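Trainee: Here you go, one structure.
The values are calculated or read from the model by the stated rules, or taken from the named source; none is laboratory data. Just so we're clear, the structure is a prediction, and the values are computed from it rather than from any experiment. Neighbour counts are summed over all protein chains in view; Cβ atoms, including those assigned to glycine, are modelled from backbone coordinates with ideal geometry. When the accessible area is computed, the model is the full protein with side chains, heavy atoms only, and any ligands, DNA or RNA have been set aside. Shrake-Rupley method; radii C 1.70, N 1.55, O 1.52, S 1.80 Å.
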Amino acid sequence: MASTVTTRPCGCVCILGLPPSPRMMTVHTPRILIACICLCAAGVAQAAEYRSAVGAYKAKDYPACARLYGQQADRTPPVRGAAYDAACCLALAGDKEAALARLAATPSDQLRSHIADDADLVSLHDDPRWTALLARHRRDMTAEMSRRDDALLEELQRRIDRDQDARNQAMLAPADPALAAAMGDVDRDNTAWLKSYLDAHGWPGYDKVGRSGSMGFFLLAQHADHDPAFQEQVLGMLQYAVERGQASGIHLAYLTDRVRIAQGKPQLYGTQFHSVEGVPQPQPIEDPEHVEARRAALGMPPLAEYTANMQDMYATPKN
C-alpha cells in the first residue's frame, strides 16, 4: 500500500479504517485507514516474551516475530497477511530459505503490492527464486487488473481521497465546527453515490475492483454512520459477496459490529473499541465465550493478539 495518510486520531483512539497487518501499520502507513474503531483491550495474555507479533517486530526480535506471525498463517483459515509478514520476519532473521518458501506458497493476491521495494526483504534479492517470485506476482496482478473497471476505480479513489482529506483536516482541529461540517458533507455525498451504485449493481466483487477497490467501498460504507439503515442494508450485500469469495470476511465483521453498536446491541467480533479511564477496552461483546471461534471463521487473528497489537502500537514509550 502506498503511504499517503500520516495522521491518526487521538482521544478514544479511533482508527479511520480497518487496520491492515499490524506490521504494516508499524512500517508503512496505510493509504486507507478505517472507520472509527475505538481501541480495545480484551485478553492481554500472550507469549512470555512479547504480547504480539508486532511487539516482537518493534523490538527487532525477528525469530519471535516470525514464529508469532507463522502461527497466524498456519491457522485454518489463516489470518490474511500473516504469511507475508512471517516471511518478512524470517528474512530479517537471516532465514532466507524459510522466507522464500513462505512467499512461494502465498497466492499473488495476498502478497503486498510494494513487495519489490519492501526493505524487509532486501536479503532475498540476490536469489534467483526472488526474481521468479516477482515475475509471477507481476503476471498474476496484470491478469487481475485487466478485468477491473478502471473508470469505477478512478471515481472511487477520488471519493476516498476526499474522505481522507476531510478527516485529516478535522483531526488537526477537532474543535472546529466548520471542519466537522465539511467532513459530514463529504460523507453524505459519498453515501449518496454509494447508494446509487449499489442499488444498480450490488456489492462489487474482487473480480471487478480487486481487493484494494473492495476496501475502498467498505471504507465508504463504514463512514455512512449518518444513515444506519443503509449500513444495515449493505450488510446483506456484503454477506452475499463474502459467501461467493468476492469480499472480505473481515470487512463483514467490522461492519456487522458497527451496525450492532449503532442499534444499541453488543458486538459479535470485538472490532469496536473505546478507552475507559485511559485503558483500552472492548465495547460489550455478545456471547464472548465464542468470540474467538467467530473471528477464526472469518480469518481474523485472536482477539488477545489483536488487542496486544493495539496496545503495542499505541503504548506510551518508556523513558
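Trainee: For segment 71-106, how many residues are open to solvent by 50 Å² or more (accessible area, probe 1.4 Å) and not in a loop (DSSP other than H, G, I, E, B)?
Mentor: Residues meeting the conditions: 7.
Trainee: Please give the number of the condition Gly210 fails out of (1) on the phi > 0 side of the Ramachandran plot; (2) open to solvent by 10 Å² or more (accessible area, probe 1.4 Å); (3) among the small types (Gly, Ala, Ser).
Mentor: Condition not satisfied by Gly210: (2).
Trainee: Given the options Glu154, Glu144, name the one that is under 22 Å from Phe218 (Cα atoms), in a helix (DSSP H, G or I) and without any contact (Cβ under 8 Å) to a residue 12 or more places away in the chain.
Mentor: Working: Glu144 fails: without any contact (Cβ under 8 Å) to a residue 12 or more places away in the chain.
None of the other options fit; the residue is Glu154.
Per-residue answers, yes or no, for (1) more than 19 Å from the chain's Cα centre (by Cα); (2) hydroxyl-bearing (Ser, Thr, Tyr):
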{"position": "Asn190", "(1), (2)": "yes, no"}
{"position": "Trp193", "(1), (2)": "yes, no"}
{"position": "Pro204", "(1), (2)": "no, no"}
{"position": "Gly210", "(1), (2)": "no, no"}
{"position": "Ser214", "(1), (2)": "no, yes"}
{"position": "Phe217", "(1), (2)": "no, no"}
{"position": "Leu220", "(1), (2)": "no, no"}
{"position": "Glu232", "(1), (2)": "yes, no"}
{"position": "Glu243", "(1), (2)": "yes, no"}
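Trainee: Please give the number of the condition Asp189 fails out of (1) surrounded by 14 or more Cβ atoms within 10 Å (Cβ to Cβ); (2) assigned to a helix (DSSP H, G or I).
Mentor: (1)
Trainee: Next question, about the same structure. Just to be sure I understand, how many residues within segment 244-278 are more than 21 Å from His290 (Cα to Cα) and part of a helix (DSSP H, G or I)?
Mentor: 1
Trainee: May I ask you to verify whether Ala53 is touching a residue at least 12 places away in the same chain (Cβ under 8 Å), more than 24 Å from Ile250 (Cα to Cα) and either open to solvent by less than 60 Å² (accessible area, probe 1.4 Å) or charged (D, E, K, R) (or both)?
Mentor: Values: touching a residue at least 12 places away in the same chain (Cβ under 8 Å): yes; more than 24 Å from Ile250 (Cα to Cα): no; either open to solvent by less than 60 Å² (accessible area, probe 1.4 Å) or charged (D, E, K, R) (or both): yes.
So Ala53 does not fit the description; no.
Trainee: Among (1) assigned to a helix (DSSP H, G or I); (2) over 30 Å from Ala182 (Cβ atoms); (3) in contact with a Leu (Cβ under 9 Å, 6 or more places away or on another chain), which single condition is Tyr197 missing?
Mentor: Going through the list (1) assigned to a helix (DSSP H, G or I); (2) over 30 Å from Ala182 (Cβ atoms); (3) in contact with a Leu (Cβ under 9 Å, 6 or more places away or on another chain), Tyr197 breaks only (2).
Trainee: Would it be correct to say that Trp203 is modelled with pLDDT of 95 or more, outside any helix (DSSP H, G or I) and open to solvent by less than 60 Å² (accessible area, probe 1.4 Å)? Explain how you work it out, then say what you get.
Mentor: Details: modelled with pLDDT of 95 or more: yes; outside any helix (DSSP H, G or I): yes; open to solvent by less than 60 Å² (accessible area, probe 1.4 Å): yes.
Criteria met by Trp203.
Trainee: Please state which one of Val186, Val209 is of a type in the set (Val, Ile, Thr) and modelled with pLDDT under 95. Talk me through it step by step, then tell me what you get.
Mentor: Values: Val186 fails: modelled with pLDDT under 95.
Just a single option satisfies the conditions, and that option is Val209.
Trainee: Restricting to segment 107-121, give me the number of residues that are hydroxyl-bearing (Ser, Thr, Tyr) and assigned to a helix (DSSP H, G or I). Break it down into steps so the answer makes sense when it comes.
Mentor: Residues of segment 107-121 hydroxyl-bearing (Ser, Thr, Tyr): 108, 113.
If we keep only those that are assigned to a helix (DSSP H, G or I) as well, we get 108.
Final tally of qualifying residues: 1.
Trainee: Related question: Within segment 25-32, does at least one residue satisfy the condition of being open to solvent by 10 Å² or more (accessible area, probe 1.4 Å), at pLDDT below 80 and farther than 20 Å from Asp118 by Cα?
Mentor: no
Trainee: Consider only pairs whose beta carbons are under 9 Å apart and that are at least six residues apart or on different chains; among these, list those whose first residue lies in segment 111-123 and is on the phi > 0 side of the Ramachandran plot and whose second residue is surrounded by fewer than 21 Cβ atoms within 10 Å (Cβ to Cβ) and assigned to a helix (DSSP H, G or I).
Mentor: As it stands, the answer is none, since no pair meets every condition given.
Trainee: Tell me which of these Val234 doesn't satisfy, since it passes every other one: (1) under 17 Å from Gln157 (Cα atoms); (2) open to solvent by less than 10 Å² (accessible area, probe 1.4 Å).
Mentor: (1)
Trainee: Hey, could you check segment 255-305 for residues that are without any contact (Cβ under 8 Å) to a residue 60 or more places away in the chain and of a type in the set (Lys, Arg) and say which is surrounded by the fewest Cβ atoms within 10 Å (Cβ to Cβ)?
Mentor: Going through the qualifying residues, I end up with Lys265.
Trainee: Determine whether Cys88 is of a type outside the set (A, V, I, L, M), at pLDDT 90 or above and within 26 Å of Glu292 (Cβ to Cβ).
Mentor: Working: of a type outside the set (A, V, I, L, M): yes; at pLDDT 90 or above: yes; within 26 Å of Glu292 (Cβ to Cβ): yes.
The answer is yes for Cys88.
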